[in-house]
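What follows is one structure encoded as structure tokens, with my remarks underneath.
The values are calculated or read from the model by the stated rules, or taken from the named source; none is laboratory data. A quick note: this is a predicted structure, and the numbers were derived from the prediction, not measured. Here the Cβ is made from the backbone with ideal geometry for all residues, glycine too, and neighbour counts use every protein chain on show.
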Amino acid sequence: MASLAPSTQCRFLFKKPNPSILPSPNFSSSVIRKDSPYSKFQLLKFTGMVTRNVVVSAVTSEKPWKRYPEGETKGFVEEMRFVAMKLHTRQQALEGEMEAKAPEEQPVENWEPTLDGYLKFLVDSKLVYDTLEEIIDKASFPSYAEFRNTGLERSEKLAKDLEWFREKGYAVGEPSAPGITYAQYLKQLSDKDPQAFICHFYNVYFANSSGGRIISKKITEEIPENKELECYKWDGDLCQLLQNVKDKLNKVAENWSRDDKDRCLEETQKSFKFYRYILRLILT
Ligand code: HEM
């Protein structure tokens, strides 16, 4: 499933994967070299085991937002991605480490989506993108202005998709609790904590270009004429657009203290939680 995701292709276009830093898909701990940067991580004691060479991953011993040491040299986006990937379930992404519990965490291929549910998802997603894009336009903190006109914006595309459904005679409702709650949270957060807000900005846009595309493939057969929706089309090369945003994120985060960065990483869990409730609409 992961191989279908365009962001996987993008990732390998821009940097060579380094197997020594990729977590094993099957094990929650990996043996590492003594001189590896992982030696900065907390090493746990296991009865009867040599402890120096064992690093235990986020899922077992550490908060998922525990600092990813490679980020210091490779840029802060590496840290944000590291934390986000761990918060996926194993069924969602190869690097995921969470157990699937809720319906929307089950493998997408086993989902039984409904078109009504998907329309609710699009409506609530639009509210979230409208809100993110208004916040960025208003730029109550100067760093937000860096993220204007990135080409990742989804608000107008979603408006076109919803209009198409209306023209086809479908009832397109108003936003519901999951979207409204997330939008309110984003507005409040963006006025007081730019680092935490930027975590949501990263996760929501990058989720759409990876997991969002996987979901869209699953739902296409439910859509009249198997129409490919506008919200999964980008003007320009998606890999390049994503890379440009990563470069900007890295640049903005260069001015952040370690505390700022950790607060941003810590927010990832909230982003997943809010967004999951919106995803769940697809299955209603
Ligand atoms: C059904 C739900 C989901 C599926 C199937 C899914 C799937 C994936 C996959 C396969 C990747 C890997 C792309 C790669 O290898 O580079 C990925 C990346 C990512 N996902 Fe998800 N995801 C889901 C939900 C979410 C949620 C709820 C969020 C956060 C709100 C999220 C945020 C991200 C981020 C930030 C990345 C990194 C993208 C990149 O590096 O370009 N995902 N997702």
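Against the conditions (1) modelled with pLDDT under 90; (2) within 10 Å of the ligand (Cβ to nearest atom), TRP111 satisfies every one except (1).
Within segment 66-87, does at least one residue satisfy the condition of being more than 20 Å from GLU267 (Cα to Cα), within 12 Å of the ligand (Cβ to nearest atom), touching a helix residue (DSSP H, G or I) at 6+ places or on another chain (Cβ under 7 Å) and of a type in the set (D, E, K, R)?
Taking every residue of segment 66-87 in turn, none turns out to be more than 20 Å from GLU267 (Cα to Cα), within 12 Å of the ligand (Cβ to nearest atom), touching a helix residue (DSSP H, G or I) at 6+ places or on another chain (Cβ under 7 Å) and of a type in the set (D, E, K, R).
Pairs meeting the criteria (first residue in segment 163-192 and in the same structural domain as LEU229 (by TED's automatic domain parsing), second residue at pLDDT below 95 and loosely packed, with under 12 Cβ neighbours inside 10 Å, beta carbons under 8 Å, at least 6 apart or on different chains) are LYS168/PRO224. For the condition among the hydroxyl-bearing types (Ser, Thr, Tyr) and surrounded by fewer than 16 Cβ atoms within 10 Å (Cβ to Cβ), SER271 does not qualify.
Taking segment 147-198 on its own, how many of its residues are of a type in the set (D, E, K, R), touching an Asp or Glu at 6+ places or on another chain (Cβ under 7 Å) and in a helix (DSSP H, G or I)?
Restricting attention to segment 147-198, the residues satisfying the condition of being of a type in the set (D, E, K, R) are 148, 153-154, 156-157, 160-161, 163, 166-168, 174, 187, 191-193.
Going one step further and asking which of them are touching an Asp or Glu at 6+ places or on another chain (Cβ under 7 Å), we end up with 148, 153, 157, 160-161.
Checking the rest, the ones that are also in a helix (DSSP H, G or I) come to 157, 160-161.
The number of residues fulfilling the criteria is 3.
Of all residues in segment 204-256, those satisfying the criterion of being in a helix (DSSP H, G or I) and hydroxyl-bearing (Ser, Thr, Tyr) are TYR205, SER209, SER216, THR220, TYR232.
For segment 219-248, the set of residues classified as buried (at least 17 other Cβ atoms within 10 Å of the Cβ) and either farther than 29 Å from SER140 by Cα or out of contact with any Leu (no Cβ under 9 Å at 6 or more places or on another chain) (or both) consists of ILE219, ILE223, LEU229, GLU230, TYR232, LYS246, listed by residue number.
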